[in-house]
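Novice: Got a structure here, written out as structure tokens. Questions coming.
Every read-out reported here was derived from the displayed coordinates using simple, explicitly stated rules and does not represent laboratory data. Since we're looking at a predicted model, the values are computed, not measured. All Cβ positions, even for glycine, are placed from backbone atoms using ideal geometry, and neighbour counts span all protein chains on display.
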Amino acid sequence: LKAGRPWRGIVKNRCKNGDHYWVRATVTPILRDGQAVGYLSLRKKPSRQQVAAAGPHQCRLGKWLEAESRTRYGDHPAFQAIEALHRRVHALAIGLLDLQARGRKRESLAGLGELHGLRDALLERLQTLSASAENLKPGQFELTTC
């Protein structure tokens, strides 16, 4: 946008009441004498697949992983496993949503068992990281909630 070019992407907006909603946005700068004097935003409701494909960094866990937690826990084996599992959860969810969208409901439902297994493994690694953080010296690691 600063360079005067349009931007397109999936955006997570927050409502006044604290809820959120997703939009597929195209934002174009309005230029006057080469300077942006405003912006025009066109927004549409994205598909479930587009929201899922927006990336693992968009969910709460993804934001936590990308924030200060990487600095605090980046070298911890449980943290590294959490990142890998998190990416797998999102990739599988995108695949299951795609199957659902193509009318292959049974195959999509059959994949839920694998999704639940990844969820359980992810929770186990989070508990391991939390327990490790509690047993470390002050300042070495600190687990924050999101």
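Novice: Could you list 15, 59 so that the one with the fewest beta carbons within 10 Å of its beta carbon is first and the one with the most is last?
Specialist: Placing the least packed residue first, the sequence is 15, 59.
Novice: Here's another thing I want to ask about it. May I ask for the net charge around residue 99, where only other residues with Cβ less than 15 Å from the Cβ of residue 99 are counted and Lys, Arg are +1 while Asp, Glu are -1?
Specialist: +2
Novice: In addition: Normalised by the empirical 2.2 N^0.38 Å for globular proteins, what value does the Cα Rg of region 1-93 take?
Specialist: Cα Rg divided by the expected 2.2 N^0.38 Å: 1.40.
Novice: Quick one: work out the % antiparallel among DSSP beta bridges in region 14-54, nearest 5.
Specialist: Within region 14-54, antiparallel bridges account for around 100 percent of the total.
Novice: Let me ask something additional. Give me the net charge for the shell around residue 29: Cβ to Cβ below 12 angstrom, other residues only, Lys and Arg +1, Asp and Glu -1.
Specialist: Charge balance near residue 29 sits at +3.
Novice: Here's a follow-up. Using a basic spin-label model with each label point 7 Å from the Cα along Cα→Cβ, how many nm lie between residue 25 and residue 106?
Specialist: Distance between the two pseudo-spin positions: 4.3 nm.
Novice: Next up: In degrees from 0 to 90, rounded to the nearest 10, what is the angle of the helix 77-101 Cα long axis to the longest principal axis of the chain?
Specialist: It is inclined by approximately 50 degrees.
Novice: I need the fraction of alpha carbon pairs in region 95-138 separated by more than 14 Å, rounded to a whole percent.
Specialist: Here the long-distance tail beyond 14 Å is 62 percent of all Cα pairs in region 95-138.
Novice: Scale the Cα Rg of region 3-53 by the rule-of-thumb value 2.2 N^0.38 Å and send over the ratio, two decimals.
Specialist: 1.37
Novice: Would you order 20, 76 from fewest to most other beta-carbon atoms within 10 Å of each residue's own beta-carbon?
Specialist: 20, 76
Novice: Pull up the cross-link candidates among the lysines for residue 44, meaning alpha carbon to alpha carbon under 29 Å and not fewer than 8 places away within one chain.
Specialist: Once the sequence-local lysines are set aside, what remains near residue 44 is 2, 12, 16, 63, 105.
Novice: Tilt of helix 112-134 relative to the longest C-alpha principal axis of the chain, in degrees (0 to 90, nearest 10)?
Specialist: For 112-134 against the chain, the angle is about 70 degrees.
Novice: Given R₀ = 35 Å, what would the calculated FRET efficiency be for residue 127 paired with residue 12, taking r from the Cβ atoms and rounding to 0.05?
Specialist: With a Förster radius of 35 Å, E is 0.80.
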